[in-house]
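Peer 1: I'd like to ask some things about the structure below.
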4 protein chains.
Amino acid sequence: MQMREFELPDPQPGALLVDITAAGVCGSDVHIWAGKDPRTRLPMILGHEGVGRIRMLNGPKRDLFGEELKVGDKIVWHRGVTCGRCVYCAKRREPSLCLYRKVYGTMYSCDQWPYLTGNYAEVLYVHPQSEIMKLPEDCDDGLIAAATCSGATAAHTIELLDITMGSTVVIIGPGPLGLYTAAYCFERGAAQVFIFGTAADIPRLQLAESFGCIPVNVDEVGPDERRQAVLDATHGLGADYVIECTGVKACAQEAVDLACRGGSVAIPGIAVPVGEMSILPFEQIAVRNLRLQGVWVSDARHMYEAVTLTLSGKYPLQEMITHRFPLSQANEALQAIATRQAIKAIIEPQAK
Amino acid sequence: MQMREFELPDPQPGALLVDITAAGVCGSDVHIWAGKDPRTRLPMILGHEGVGRIRMLNGPKRDLFGEELKVGDKIVWHRGVTCGRCVYCAKRREPSLCLYRKVYGTMYSCDQWPYLTGNYAEVLYVHPQSEIMKLPEDCDDGLIAAATCSGATAAHTIELLDITMGSTVVIIGPGPLGLYTAAYCFERGAAQVFIFGTAADIPRLQLAESFGCIPVNVDEVGPDERRQAVLDATHGLGADYVIECTGVKACAQEAVDLACRGGSVAIPGIAVPVGEMSILPFEQIAVRNLRLQGVWVSDARHMYEAVTLTLSGKYPLQEMITHRFPLSQANEALQAIATRQAIKAIIEPQAK
Amino acid sequence: MQMREFELPDPQPGALLVDITAAGVCGSDVHIWAGKDPRTRLPMILGHEGVGRIRMLNGPKRDLFGEELKVGDKIVWHRGVTCGRCVYCAKRREPSLCLYRKVYGTMYSCDQWPYLTGNYAEVLYVHPQSEIMKLPEDCDDGLIAAATCSGATAAHTIELLDITMGSTVVIIGPGPLGLYTAAYCFERGAAQVFIFGTAADIPRLQLAESFGCIPVNVDEVGPDERRQAVLDATHGLGADYVIECTGVKACAQEAVDLACRGGSVAIPGIAVPVGEMSILPFEQIAVRNLRLQGVWVSDARHMYEAVTLTLSGKYPLQEMITHRFPLSQANEALQAIATRQAIKAIIEPQAK
Amino acid sequence: MQMREFELPDPQPGALLVDITAAGVCGSDVHIWAGKDPRTRLPMILGHEGVGRIRMLNGPKRDLFGEELKVGDKIVWHRGVTCGRCVYCAKRREPSLCLYRKVYGTMYSCDQWPYLTGNYAEVLYVHPQSEIMKLPEDCDDGLIAAATCSGATAAHTIELLDITMGSTVVIIGPGPLGLYTAAYCFERGAAQVFIFGTAADIPRLQLAESFGCIPVNVDEVGPDERRQAVLDATHGLGADYVIECTGVKACAQEAVDLACRGGSVAIPGIAVPVGEMSILPFEQIAVRNLRLQGVWVSDARHMYEAVTLTLSGKYPLQEMITHRFPLSQANEALQAIATRQAIKAIIEPQAK
């Protein structure tokens, strides 16, 4: 990545130019950076998680709630740009699967108008169809940026699983996705939330514990032992829901074995190819009446839920933000995530 | 209403000009015609139910399923024009309640660009955000036009009530809304569908009977007697669902009394003010764990469901179309509905 | 009420004798006491909310989770005795509406075997079909007794409304039902929970505020002003859910006006006849796509949810228990509720 | 299997003795007969699908709808005997997963009281907790017996998948499970139902076609070709639901590949161990937001739905019953199923 200057495009009616105040660095940015994401169209500006202030607008513009927007307002927008009118948007009401979905900082090239299509930049062009929420002046922009991706995907997971009150959940992986998922499980009334991580994850496990989770260090507690811990906590039945948030195939295997009969397993962490996985369709799925659910990205509802939860301050999510960088150090920001030094890193383009 | 000539507007990118082949005449058109709908903005072109052929398009355009559209294609479009990005569209996923919803032939004035905003016309301007379905060459355009309004509202009702298999339903009112609702109840596996109408409704009741309904002529079968018939058919419990499709307040009262404990009552027929209605919150609602559900208009999913059901040919819905008129006789078409001579009347602007 | 001695009945297979440690005094006990509940069959032992220790069992017996029960175990049981095999229990899966439901302390006479059928007693006969949960030694038995009625009915309300994350709720009435409902709203991720009470309710409003609610003293904040407060907090839309927990008809009227389009209003507080209520079916229900939902009692799932929430200690629900009485002062306990001196009163039959 | 005489047990209160008029022969009976089902406790009386007439009852007894039963009534009962009070019955409301579920003709030994525990017999002992439906005099008892197993499991599948109106379904396997599933898909408003079978299944495929299905002979139409047929019928998207009803692992693999993004795959046909199956968690599940759902047996609601659908006569389900045998030829009946000569075989113990 290198710094490059662009001329500012003129916004179409309903579009905005936004001064980016915070851009989140996501694990999938590292994949793109490493050239492993087939959706990438070079040259490009990275960054699908962003918050900013309106610099220019063309005509009257309203946010999700009908509030009129004006220059200087701090806003957040949905990272996916959807058509709103295809079978997935309008008939199935699953805009996360829109036939024409594109994502800022992922599927746009900066060679094509309107160029400023990623959040690792001083200015972003926000398309007319992007859903927008106005933000309070006193929020942490970097944390809200983080909410729009892992927070929203966690919300999508929770919606698909339809978590019931008083249930037991196991979350595998205490990164931003797992931590947001844990917070939501409590928001839906889960009674017990186990979270599994490695010795390297201890700060993350401690953060999860502060939410109310039961942390399990898998480097200390072996597979049989941790399975037994879940059984002991559930009268021998297993967890109602198991959510794989690491992207590691072996964890998805373990997830299936931790669920109770009638339970559900979701795999939002599987975000890149991991090869084949073996299941026993009778013993693991059929006789256990089990549900295995894929989760792909999220939509504007999920962004709303993630931003609202984050703004509520009910969970110390801000402790996830361990690193902040100016735009000039975007490579270092990616490095911090790639090496897992940071739980979450933020780029602040307006920082001096 | 009188004939008036307009110059054709140039479609914006994504908009269409359509040659109307059929426009449905709806009960609410009669209300507007009579000056009773406060949303009316005169002068205007009536008609929110339409089917037509593409006359002109500006740029590539796709239907709900991603099929590319071209001049000459026969299409149907959603009668409501929604923003796709507000709290109702994007967060609650209830675009029928969109903050900015407008309806062709109802809430647009023909004094303002793009003028051609109602279906009682030779040409309609279809906005870029309208959801579109391509139609087969051999369908009955008038019947599809009817599907987009009463058929879609019926589908919305069914979605809200979540009809279960093996259930008993009472539908009050065998007009197009009631007839579509009856068809859907069978489509959701209802075991018994009563339909109530007056002596004047006998042809409608006979049509409903041909779907599998149990018709009840309320001019012959009094309130106690018909309530007893429902109880006898339900082991004394009452109907699982009761759906008021007449718009008459007394029918809504009766609906509440026909439902079983735990049952649901919907009132999609109440489409204009009818004054006050008295309920007993303890005896009729609380102790019976009853649900009373308002139903307001519909969205593109419902249009899809209504059009798909209609095209399936499973129910002889075409028998609802009792009257067809050329555009020059639009006043006569409204009269046929106002006097209840017609079950459903269609205006065919291309007819010579 | 007066003290009376009974011989202990022999439990049938699967039945239990339980030494009552705590019996909750409910508003509906006051109704029965006052002779206003038509279900009453005199002579009777009052008390449908209870916790106790197993005194005698006949044959092996397991709790909800398959844990074997033994003499001395502290347990709680579902207050409703349901058949498990009728259309409501087995087909509709709404055992709260069971065709044969009876309730301890409400619908049994102590003149008929097994006599000990109410919780205002030293010993209760628990029927074989009662669902049972084992309790930890260190819980507050009186608080758990309270959970089984108002806590469970609140859980039923929440299940019927299907509260969504990030929503706004208004609860009218800060008694035990309203307070439990408020706690559940947070458990389901509501973002804002208003709670309305009178000047006499100030301690209750303060308790609700400690949960996170926005308290509104209706003796200080008039109808228009509090409606405006709800609109201001919801971008002018109104509350997603409004829950009437007072049993006062005027509050149900107000509830309807506070809901947003597409919103839901539940009336679990309406537990005795209150006469007629007037609604505008078009303006208040139809055009607003509103749902009005009756809520009648609760089932074993709801008891589980209420007991689990209470044991979690997440909300200071124990502060509701303002009064405790020995069995000999049962009349005083009822008086404390009738005069609204107590938020919740508990009778402790084992107290010396 | 051999004929053996038993003394009739005295029914407990609420239990019944029933003269079996029809017992269905199920594929899993063949498994038990072949000694392949680990739940089997020899000696035993086979047969979990039954219909009969009441021979003796002990005390008043009511059916699902509260109708009083008497000697001579023709009835059907739920094949699973559930406790009604455990976490699955009472909290999760999934009695099909009851902790203590037993099945007539499968998990009872005839060495233990009440001996008469299978339907391949002249008399069955029906436990007090069995859910019961009264049948009309003129129904086909054998067909109703069939409904209680494959019909009910199909209903469970449909409930779990929550089939939407206008959807496209692929069913793999046109046996009784697949045929009932097809009928239900139409009952829930599916627009297109493909059904796959082999050349040997042609009579079954023809029966499915008479319901409205699109039959596919997989011996003539290869994997790529039939996948293309599904894509062509769905605008290139794939099927909304794919339901595996053969029990063949390769079919489950194929099922996953036929579903659209956001679609669901259920595997009710997998009823015995089939070894390992390989899936690609990213490509097949995650990125497609796919749901893979196990389905295990069924409950009384599903029996109700299956019996109600069957009695409606809407689908020529009686054509599934290709073979009928007297009790003395029970071995031949099993043979007819084992060799797949019969679609469905019935034993009629009262036949002379």
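Peer 1: Find the relative contact order for chain C and round it to a whole percent, using C-alpha pairs within less than 8 Å whose residues are 6+ positions apart.
Peer 2: Once divided by the residue count of chain C, the mean separation gives 19 percent.
Peer 1: On average, how many beta carbons from a partner chain sit within 10 Å of the beta carbon of a residue in D:161-170?
Peer 2: Counting Cβ atoms of other protein chains within 10 Å of each residue's Cβ and averaging gives 4.
Peer 1: What distance in nm separates the simple spin-label points at residue C:198 and residue D:322, each placed 7 Å from Cα in the Cβ direction?
Peer 2: So the two model labels end up 7.5 nm from each other.
Peer 1: Report the calculated FRET efficiency for residue D:220 and residue A:41 (r = Cβ-Cβ distance, R0 = 51 Å), to the nearest 0.05.
Peer 2: So the FRET efficiency works out to roughly 0.75.
Peer 1: Evaluate the distance, in nm, between pseudo-label points positioned 7 Å from the Cα of residue D:69 and of residue A:100 along their respective Cα→Cβ axes.
Peer 2: Label at residue D:69, label at residue A:100, 6.0 nm between them.
Peer 1: Another one. Inter-copy label distances at residue C:162, 7 Å along the Cα→beta-carbon direction, one decimal in nm, shortest first?
Peer 2: Result for residue C:162, in nm, nearest copy first: 0.4, 0.6, 0.7.
Peer 1: Charges only on Cβ, +1 for Lys and Arg, -1 for Asp and Glu: so what's the dipole of the protein assembly as shown about the Cα centre, in debye to the nearest 20?
Peer 2: 0 debye
Peer 1: Under unit Cβ charges (Lys, Arg +1; Asp, Glu -1), what dipole magnitude, rounded to 20 debye, does chain B have relative to its Cα centre?
Peer 2: 880 debye
Peer 1: Can you find, among D:243, D:160, D:273, the residue sitting farthest towards the positive end of the charge dipole of segment D:153-294, where Lys and Arg contribute +1 and Asp and Glu -1 at Cβ?
Peer 2: Result: D:160, furthest along the dipole toward the positive end.
Peer 1: How many square angstrom of accessible surface are buried between D and C, both sides summed, with a 1.4 Å probe and rounding to 100?
Peer 2: 2100 Å²
Peer 1: Let me ask something else about it. Nm distances between the label at residue B:206 and the same-position labels in the remaining copies, 7 Å along Cα→Cβ, shortest first?
Peer 2: Its label point is 3.8, 7.5, 8.3 nm from the equivalent points in the other copies.
Peer 1: Can I ask one more? Mind running the shape call on the protein assembly as shown? Use the C-alpha gyration tensor, a ≥ b ≥ c as the square roots of the eigenvalues: rounded below 1.5 for a/c, prolate if a/b tops b/c, oblate otherwise.
Peer 2: rounded
Peer 1: Moving on. Put a dot 7 Å past each Cα toward the Cβ at residue D:257 and residue C:137; how far apart are the dots in nm?
Peer 2: Placing both labels 7 Å along Cα→Cβ, they lie 6.1 nm apart.
Peer 1: Hey, with R₀ at 30 Å, roughly what FRET efficiency would residue D:229 and residue B:162 work out to, going by the Cβ-Cβ distance, to 0.05?
Peer 2: After rounding to 0.05, the efficiency reads 0.40.
Peer 1: To continue, here is another question. For chain D, set up a Gaussian network in which alpha carbons nearer than 10 Å are linked by springs, and say which option among D:201, D:29, D:111 fluctuates the most.
Peer 2: D:111
Peer 1: Across peptide D:310-322, what mean number of C-beta atoms from other chains lies inside 10 Å of a residue's C-beta?
Peer 2: What the average comes to for D:310-322 is 1.
Peer 1: Given a cut-off of 23 Å, name the pairs among B:91/B:249; D:134/D:314; D:61/D:102 whose C-alpha atoms lie farther apart than that in the structure shown.
Peer 2: B:91/B:249
Peer 1: As a check on your reading of the symmetry: which chain D residue has its Cβ nearest the axis that brings D onto B, and how far is it in Å?
Peer 2: D:188, 3
Peer 1: Over segment A:158-276, with the other protein chains present, what is the accessible area per residue in square angstrom, probe 1.4 angstrom? It would help to have the intermediate numbers written out before the result.
Peer 2: Details: 3760 Å² over 119 residues.
Accessible area per residue, segment A:158-276: 32 Å².
Peer 1: Still on this structure: When we measure straight from the Cα of residue D:36, which aspartates and glutamates land under 18 angstrom away, once same-chain ones fewer than 8 places off are left out?
Peer 2: A:283
Peer 1: On a C-alpha basis, how far is the centre of segment C:120-147 from the centre of segment C:269-314 in Å? Whole number, if you could?
Peer 2: 25 Å
Peer 1: For residue B:71, place a label point 7 Å from Cα along the Cα-to-Cβ direction in every copy; what are the distances to the other copies, in nm, shortest first?
Peer 2: Label-point separations across copies, in nm and ascending: 4.3, 8.5, 9.5.
Peer 1: Now for a different question. Considering only protein heavy atoms and a probe of 1.4 Å, how much of the accessible area of chain A is carbon and sulfur, as a whole percent?
Peer 2: Details: 6100 of 12120 Å².
Here it works out to 50 percent.
Peer 1: Other chains' Cβ within 10 Å of B:199-205 residues: what's the mean?
Peer 2: On the way: counts 0, 0, 0, 0, 0, 0, 0.
Average neighbour count from other chains, rounded to a whole number: 0.
Peer 1: What's the longest piece of chain D with no exposed GluC sites (Glu not before Pro), counting a site as exposed if DSSP puts it in a loop and it has at most 10 other beta carbons within 10 Å?
Peer 2: Numbers: sites that count: D:5, D:7, D:137, D:220.
Maximal segment without exposed cleavage sites: D:221-352.
Peer 1: Could you give the dipole magnitude of segment A:153-294 about its Cα centre, charging the beta-carbon of Lys and Arg +1 and that of Asp and Glu -1, in debye to the nearest 20?
Peer 2: It comes to approximately 260 debye.
Peer 1: At a Cα cut-off below 18 Å, give the lysines reachable from residue C:344, other chains included and same-chain residues fewer than 8 away excluded.
Peer 2: none
Peer 1: Sort C:85-94, C:263-272 by the packing proxy (mean of other Cβ within 10 Å over each peptide's residues), most packed first.
Peer 2: In decreasing order of mean packing, C:85-94, C:263-272 become C:263-272, C:85-94.
Peer 1: Aspartates and glutamates within cross-link reach of residue A:74: Cα-Cα under 13 Å, excluding same-chain residues under 8 positions apart?
Peer 2: Correct list for residue A:74: A:19, A:63, A:137, A:138, A:140, A:141.
The values are calculated or read from the model by the stated rules, or taken from the named source; none is laboratory data. These numbers were taken from a predicted model, which means no experiment stands behind them. Positions of Cβ are generated from backbone atoms using ideal geometry, with glycine treated the same way; all protein chains shown enter the neighbour counts. With ligands, DNA and RNA removed, areas are computed over all heavy atoms of the protein, side chains included. Shrake-Rupley method; radii C 1.70, N 1.55, O 1.52, S 1.80 Å.
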